[in-house]
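Below is one structure; the comments refer to it alone.
The values are calculated or read from the model by the stated rules, or taken from the named source; none is laboratory data. Source: prediction; values computed, not measured. Because the Cβ atoms are built from the backbone with ideal geometry, glycine has one as well, and the counts that use them run over all protein chains shown. Note: accessible area is taken over every heavy atom of the protein model, side chains too, but ligands, DNA and RNA are not part of it. Shrake-Rupley method; radii C 1.70, N 1.55, O 1.52, S 1.80 Å.
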Amino acid sequence: PPVAFTRNGVLAGIEPDLARELERRTGRRFQLVEQDWDALIPALESGRIDVIMAGMSITPERSGRVAFTDPYMRVGQMALIREADAARLAKPESLKSPGTRVGVVGGTTGDAFASSQLLRAIIFRYQDTEEGVRALQSGQVDYFIHDAPTVWHFSAAPESRRRGLMGLFTPLTEEHLAWAVRKEDDTLRRQLNAALREMRADGTLQAIVGRWIRTSVEVAPPR
């Protein structure tokens, strides 16, 4: 949440809403297919899916295997902590303290940041966001690091008060979210970019993002 998740048995969030809008604008039929994070790029390469819409950040390593569209949001990694620990953990230097327990979703850019920058931390890797947030809530980790939309969501959502969580909004990295297609599928990439430009120009992109993130979010300009 809020990028793509299952709610009451139905896929919901920013990416499913964008997929439905793309279906309307491109005339293509979009079928949403759930995949584990680590299976996304292999599924694209093998032809089991045609486009990745999963809050994926553009990285050089991924760009070697897939073709990214223009970005639709500028984000970065941020940290989520328990409100009760704010006095102890909210200072920027606390994240790099020896023995700090940091939760991430394995294989993400949050994992890459923690592995390369938090060399004295103890890193715990989880299957998905909800598992990582539960680990934070239960005290298994001190910080949970994930994309900014995740931290914004869990900081602003009403249930976050019940969970006792708060976000630290200083970005730890700078990244751009985009969709990915096969390198040879340039026709689809151009079609998605054209629809994205339309959505940015008429305000649809910001409206969809704002529906799920109740904060001010800057939409990424075209590259």
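Points worth noting:
- Any helices (runs of 4 or more DSSP H) falling wholly within segment 56-171 and containing at least 1 residues that are open to solvent by 20 Å² or more (accessible area, probe 1.4 Å), in contact (Cβ under 8 Å) with a residue 40 or more places away in the chain and farther than 21 Å from residue 13 by Cα: 60-63, 86-89, 109-117, 129-138
Here is a yes/no grid of residues against (1) open to solvent by less than 30 Å² (accessible area, probe 1.4 Å); (2) closer than 19 Å to residue 209 by Cα; (3) more than 19 Å from the chain's Cα centre (by Cα); (4) at pLDDT below 95:
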{"residue": "2", "(1), (2), (3), (4)": "yes, yes, no, yes"}
{"residue": "9", "(1), (2), (3), (4)": "no, no, yes, yes"}
{"residue": "16", "(1), (2), (3), (4)": "yes, yes, no, no"}
{"residue": "20", "(1), (2), (3), (4)": "no, yes, no, no"}
{"residue": "23", "(1), (2), (3), (4)": "no, yes, yes, no"}
{"residue": "35", "(1), (2), (3), (4)": "no, no, no, yes"}
{"residue": "38", "(1), (2), (3), (4)": "no, no, no, yes"}
{"residue": "46", "(1), (2), (3), (4)": "no, no, yes, no"}
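- Residue check, residue 100 out of contact with any Gly (no Cβ under 9 Å at 6 or more places or on another chain) and within 27 Å of residue 194 (Cβ to Cβ): no
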